[in-house]
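All remarks here apply to the structure that follows.
The values are calculated or read from the model by the stated rules, or taken from the named source; none is laboratory data. Here the structure is a predicted model, which is why all the values come from computation and not from measurement. Note that we place each Cβ from the backbone using ideal geometry, even for glycine, and neighbour counts take in every protein chain shown.
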Amino acid sequence: MGDGDTLLPVKYTDDLGARAVDLVIYAQADPETANGAIIRVANQLGLSKQTLRVWVRKHRDIGKATPAGRVGRPGSEEPAAAG
């Protein structure tokens, strides 16, 4: 890299971010895949581990329904809707 060259931040699409967070939430809902879920998903999708960690934290902090909650997986934050 020469003088004056700067690294621009990578802009990920909203769809990629949402999908990545969903994958992490699903993985963390299962005790067998919970350990290392953020690192594994970040590597698989070519994302920064720190970026994905922040997205997941923000997702939880604002209280969004988790995918695990929507399907009633064990460990989900919200119960599945009764039909």
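A few points about this structure:
- Members of the stretch 25-52 found to be β-branched (Val, Ile, Thr) and at pLDDT 95 or above, listed by number: Ile38, Ile39, Val41
- Within the stretch 54-65, residues that are within 15 Å of Ala37 (Cα to Cα) have Cβ atoms under 7 Å from residues that are surrounded by 15 or more Cβ atoms within 10 Å (Cβ to Cβ) in these pairs: Trp55/Gly17; Trp55/Ala20; Trp55/Val21; Val56/Val21; Val56/Val24; Val56/Ile38, counting only partners at least 6 apart in sequence or on another chain.
- Within the stretch 26-35, the set of residues being in a loop (DSSP other than H, G, I, E, B) and either loosely packed, with under 12 Cβ neighbours inside 10 Å or in contact with a Lys or Arg (Cβ under 9 Å, 6 or more places away or on another chain) (or both) comprises Asp30, Pro31, Glu32, Thr33, Asn35.
- Every residue from the stretch 68-83 that is surrounded by fewer than 18 Cβ atoms within 10 Å (Cβ to Cβ), at negative phi and either part of a loop (DSSP other than H, G, I, E, B) or modelled with pLDDT of 60 or more (or both): Arg73, Pro74, Glu77, Glu78, Pro79, Ala80, Ala81, Ala82, Gly83
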